[in-house]
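K.L.:
Before I ask anything, here is the structure I am working with.
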Amino acid sequence: GVLAFFIVTGGDILRPANIAWMGVGDPRQHYLGWAFFRQDEWRWPLGLNPGFGLELGSAIAFSDSLPLFAVFFKLLDPLLPPVFQYFGIWIFLCFILQAVVAWKICGLISHDPLARAAMSGFFVFAPPMLWRLHGHGSLVGHFLILAALYLSLVSRERRRSVAFAVLVCVSAAVHAYLLAMVAAIWLASLADGVWRRN
């Protein structure tokens, strides 16, 4: 996952002070949403961002600014430099987690490390995921979909329900599109469990 990240991106987006790569298109909106949220006071419900969007009750989710990271890094704001972006960190983690979850899924098919590494390579270089690098960084989180697929394929343990609940919450804090896909897989998995019991 780390190797794939550096091959695809060159690694420069990982520097928190580097906002040049976010200067055009949707990434500009994502960064500005974060910048306004960072400078605003804490509000309830968590994530409100009225300064962004002409005070129309905007929220950090509407600027596609990765709410999970926005809230976390706002907590660290006093320690951060004036110019700071976390989107590169997110993309880096996405590549790593994509490889890890792909490795787990491939382990359901083969225990051969070479075969698992080769199959995982296809996941970290998946065109749908890489295409999201061009404008929609939060949607690079395909590992969330893979994790839902993995949970639906493993044994029906009680812990799996907790893992699915956590996965749905994390997906909701990343992007609504990912939430819809993860929730659909969870519902299909629940329906499958009912079907098997009957």
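The values are calculated or read from the model by the stated rules, or taken from the named source; none is laboratory data. Not measured: the values here are computed from a predicted model. Note that each Cβ is placed from the backbone with ideal geometry, even for glycine, and that neighbours are counted across all protein chains shown. Quick note on the areas: whole protein, heavy atoms, side chains included, nothing else; ligands and nucleic acids left out. Shrake-Rupley method; radii C 1.70, N 1.55, O 1.52, S 1.80 Å.
K.L.:
Quick check on the chain: helices-only [θ] at 222 nm, where DSSP H runs of length 4 and up contribute -39,500 (n - 2.57) each and the sum goes over total residues. Nearest 500, please. Don't skip to the answer; put the middle values down first.
P.N.:
Working: 9 runs with 116 residues, N = 198.
My calculation for the chain gives -18500 deg cm²/dmol from helical runs alone.
K.L.:
Take the Cα atoms of the range 70-165, find their three principal axes, and give me the spread along each one in whole Å, biggest first.
P.N.:
Principal-axis extents of the range 70-165 (Cα, largest first): 48, 32, 21 Å.
K.L.:
Right, another one. Treat every Asp and Glu Cβ in the chain as -1 and every Lys and Arg Cβ as +1, leave all other atoms uncharged, and give the resulting dipole magnitude about the Cα centre to the nearest 20 debye. Don't skip to the end; give the middle numbers.
P.N.:
Details: 14 positive and 10 negative charges, 142 e Å.
Charge dipole, the chain, about its Cα centre: 680 debye, nearest 20.
K.L.:
In nm, what is the difference between 0.36 nm times the number of residues separating Ser161 and Asp26 and their Cα-Cα distance?
P.N.:
Numbers: separation 135, 0.36 × 135 = 48.60 nm, distance 3.52 nm.
Separation in residues times 0.36 nm, less the Cα-Cα distance, equals 45.1 nm.
K.L.:
Quick one: pull the percentage of alpha-carbon pairs in the range 143-198 with a separation above 16 Å. Before the final figure, lay out each step's value.
P.N.:
Working: 532 of 1540 pairs.
That tail contains 35 percent of the Cα-Cα pairs.
K.L.:
Which angle between 0 and 90 degrees, to the nearest 10, do you get for helix 26-39 versus the longest principal axis of the chain when only C-alpha atoms count?
P.N.:
It works out to around 70 degrees.
K.L.:
For helix 143-153, what angle does its Cα long axis make with the longest principal axis of the chain, in degrees from 0 to 90 and rounded to 10?
P.N.:
Approximately 20 degrees, to the nearest 10.
K.L.:
Now for a separate question. Can you tell me the order of 85-93, 186-194 when each peptide is scored by its average per-residue count of other Cβ atoms within 10 angstrom, highest first?
P.N.:
On the way: 85-93: 20.1, 186-194: 13.2.
Per-residue mean Cβ counts within 10 Å order the peptides as 85-93, 186-194.
K.L.:
Which part of the range 79-112 falls in the paramagnetic zone of Leu46, meaning amide N under 20 Å from the point 7 Å along Cα-to-beta-carbon?
P.N.:
Within reach of a label on Leu46, which here means backbone N under 20 Å from a point 7 Å along Cα→Cβ, the range 79-112 contributes 79-80, 86-87, 90.
K.L.:
If you compute volume of the Cα convex hull per residue in Å³ for the structure shown, which of [x] 138; [y] 194; [z] 156 do you land on?
P.N.:
Answer by label: [x].
K.L.:
Could you tell me the calculated FRET efficiency between His136 and Asp77, based on Cβ-Cβ distance and R0 = 25 angstrom, to the nearest 0.05?
P.N.:
Details: r = 25 Å, r/R0 = 0.99.
With a Förster radius of 25 Å, E is 0.50.
K.L.:
Hey, another quick one. Using a probe of 1.4 angstrom, how much of the accessible area of the range 1-71 is carbon and sulfur, in percent?
P.N.:
Details: 2590 of 3950 Å².
Of the solvent-accessible surface of the range 1-71, carbon and sulfur hold 66 percent.
K.L.:
Relative to the longest principal axis of the chain, what angle (0 to 90°, nearest 10) does the C-alpha long axis of helix 113-124 take?
P.N.:
40
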